[in-house]
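Peer 1: Below are the structure tokens for one structure; questions will follow.
Values quoted throughout were computed directly from the atomic coordinates according to the rules given, and no laboratory measurement underlies them. The model shown is predicted, which means the values in this text are computed figures rather than measured ones. Methodologically, a virtual Cβ is constructed for each residue, glycine included, from the backbone with ideal geometry; neighbour enumeration extends over all protein chains shown.
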Amino acid sequence: MARFGVQVTLVDGLDLKAWAQAINADTKLVFFESISNPTLEVIDIAAVAGLAHSVGALVVVDNVFSTPVYSKAIPLGADVVIYSATKHIDGQGRGLGGVILGSKEIIRSIVEPFMKHTGGAMSPFNAWMMVKSLETLDLRVRAQVATATELAGLLEYRGDLERVIYPGLPSHPQFALTQVQMGAGGTVLAIDIGSKERAFLMMNALEVILISNNLGDSKSIITHPTTTTHQRLPQDQKNLLGITPGLLRLSIGLESAKDLNFDLQTALDVALPQK
Ligand SMILES: *Cc1c(COP(=O)(O)O)cnc(C)c1O
């Protein structure tokens, strides 16, 4: 945003010292994903908000991976919370949309003029579809989280994956924070199986889980971030963020946990060396 006169400082979201160093009297706004995509680091909303508010900066949280169902972002100190409604809110891969939540003053003075002058308006049909989907959002997300939690445990139990990342697993570095901040680990998990070859072997062996780049959908979806969603990141940034060639992002849907586990275990047996 430099051409609009905005200076941006990037910080490691987990490093509260780095946040404290980066935030100064000129800071107008901080922005972060409450759970990062795709490596699922959980950022301490209350701690970052405390630092930002001490200099009067606005706190904007991309809360997609936390989902509206498990969000406590506003009570924890966020001023603006945004969701890609394309994800859990639609939940069925039908439309694109987004939500910006904030005080009436922020919406009226900042968001509304921007939307008016730039034309970012949702079509009535999409709006109707998203609003209908809110009727089942709570049920869908809770069921997806329950299955994701079960599958994360079963994947970790195998013992032959390089990494199993899920904020609802006690082995996750921010497990305790996740319990306070959300009370559950979300609908997305990530695994690292060591190489791009293995990742592709595994994806191609799946029969229930679809290869796609969406998430939060009622269909379970697998994504290979290095060659798709995060392809354009330079290699040094991929390294920094832990986006390795063997990393796979799994968005857990509404299929039976038993079927999904069978699909995952079978495909992993194809891709990994025999134990
Ligand atoms: C998908 C996604 C976005 C972008 O949303 P679109 O609906 O694709 O524009 C932003 N943040 C996160 C965390 C997402 O998963």
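Peer 1: Could you work out the relative contact order of the stretch 2-134, using alpha carbon pairs under 8 angstrom and six or more residues apart, expressed as a whole percent?
Peer 2: Contact order relative to length: 16 percent.
Peer 1: Return the distance in nm (one decimal) between the two label points of a simple spin-label model at Asn261 and Gln237, each offset 7 Å from Cα along Cα→Cβ.
Peer 2: 3.9 nm
Peer 1: Continuing with this model, one more query. Going by alpha carbons, how many degrees (0 to 90, nearest 10) lie between the helix axis of 257-271 and the longest principal axis of the chain?
Peer 2: Long axis of 257-271 versus the principal axis of the chain: about 70 degrees.
Peer 1: Please report, to two decimal places, log10 I(q)/I(0) for the stretch 185-275 at q = 0.19, 0.24 Å⁻¹ as given by the Debye formula with identical point scatterers on the Cα atoms and no solvent.
Peer 2: At q = 0.19, 0.24 Å⁻¹ the computed log10 ratios are -0.86, -1.25.
Peer 1: Out of Val55, Thr118, Ala2, whose Cα points farthest toward the positive end of the dipole of the chain (charges: +1 Lys, Arg; -1 Asp, Glu; placed on Cβ)?
Peer 2: Among Val55, Thr118, Ala2, the one farthest towards the positive end of the dipole of the chain is Thr118.
Peer 1: Order these peptides, 23-32, 41-50, by their mean beta-carbon neighbour count within 10 angstrom, highest first.
Peer 2: By packing density, highest mean first, the sequence is 41-50, 23-32.
Peer 1: Let me ask another. Which residue fluctuates most in the GNM of the chain (Cα springs below 10 Å): Ser256, Ser218, Ser71?
Peer 2: Greatest mean-square fluctuation among the candidates belongs to Ser256.
Peer 1: Specify the angular offset, from 0 to 90 degrees and rounded to the nearest 10, of the alpha carbon long axis of helix 124-158 from the longest principal axis of the alpha carbons in the chain.
Peer 2: 50 degrees
Peer 1: On C-alpha positions alone, give me the angle between the axis of helix 196-205 and the longest principal axis of the chain, in degrees, nearest 10.
Peer 2: That works out to roughly 70 degrees.
Peer 1: What list do you get for Trp19, Trp128 if you sort them by fewest beta carbons within 10 Å?
Peer 2: On the way: Trp19 22, Trp128 12.
Ordered by Cβ neighbours within 10 Å, fewest first: Trp128, Trp19.
Peer 1: Of His117, His224, how do they rank once you tally other Cβ atoms within 10 Å and put the fewest first?
Peer 2: His117, His224
Peer 1: Then there's this: Working out 0.36 nm times the residue gap between Val6 and Asn204, then minus their Cα-Cα distance, what length gain in nm do you get to one decimal?
Peer 2: Gain on extension, Val6 to Asn204, equals 66.9 nm.
Peer 1: For the stretch 2-134, take every pair of Cα atoms, bin their distances at 10 Å starting from 0, and report each bin as a whole percent.
Peer 2: Using 10 Å bins, I get a P(r) of 11, 37, 36, 14, 1 for the stretch 2-134.
Peer 1: What dipole magnitude, in Debye to the nearest 20, does the chain give about its Cα centre under +1 on Lys/Arg Cβ and -1 on Asp/Glu Cβ?
Peer 2: That gives the chain a dipole magnitude of about 520 debye.
Peer 1: Another question, if that's okay. Multiply the residue gap between Ala176 and Leu16 by 0.36 nm, knock off their C-alpha separation, and tell me the result in nm, one decimal place.
Peer 2: Extra length available between Ala176 and Leu16 comes to 56.0 nm.
Peer 1: Moving on. Would you mind telling me the antiparallel percentage of the DSSP bridges in the chain, rounded to 5?
Peer 2: DSSP beta bridges in the chain are roughly 60 percent antiparallel.
Peer 1: Once Rh is set to the Kirkwood radius over Cα pairs, what Stokes-Einstein translational diffusion coefficient, in µm²/s, holds for the stretch 44-92 at a temperature of 20 °C and a viscosity of 1.002 mPa s?
Peer 2: The diffusion coefficient I find is 189 µm²/s.
Peer 1: Moving on. Please work out the Cα center distance from the stretch 59-109 to the stretch 203-249, rounded to the nearest Å.
Peer 2: The distance from the Cα centre of the stretch 59-109 to that of the stretch 203-249 comes to 23 Å.
Peer 1: While we're on this one: Longer than 29 Å from Cα to Cα, which of Lys17/Lys196; Lys28/Lys196; Lys28/Lys116; Lys72/Lys258; Lys104/Lys132; Lys72/Lys132 are they? Say none if no pair is.
Peer 2: Over 29 Å apart, Cα to Cα: Lys17/Lys196; Lys28/Lys196; Lys72/Lys258.
Peer 1: For the chain, report the translational diffusion coefficient in µm²/s to the nearest whole number, using Stokes-Einstein at 10 °C, 1.306 mPa s, and a Kirkwood Rh over Cα pairs. Could the numbers behind the result be given before it?
Peer 2: Working: Rh = 19.8 Å.
Approximately 80 µm²/s, per Stokes-Einstein.
Peer 1: Can I ask one more? At 0.36 nm per residue, and after removing the present C-alpha to C-alpha distance, how many nm does the segment from Ile106 to Tyr157 gain when stretched out fully? Can you show the working numbers first?
Peer 2: On the way: separation 51, 0.36 × 51 = 18.36 nm, distance 4.67 nm.
Extra length available between Ile106 and Tyr157 comes to 13.7 nm.
Peer 1: Shifting gears a bit: For the chain, what is the relative contact order in percent, using Cα pairs closer than 8 Å and at least 6 residues apart in sequence? Mind showing how you got there, number by number?
Peer 2: On the way: 471 pairs, mean separation 44.7, N = 275.
Computed value for the chain: 16 percent relative contact order.
Peer 1: Quick check on the exposure proxy: order Leu134, Leu248 from fewest to most C-beta atoms within 10 angstrom.
Peer 2: Details: Leu134 13, Leu248 23.
Exposure proxy ranking, most exposed first: Leu134, Leu248.
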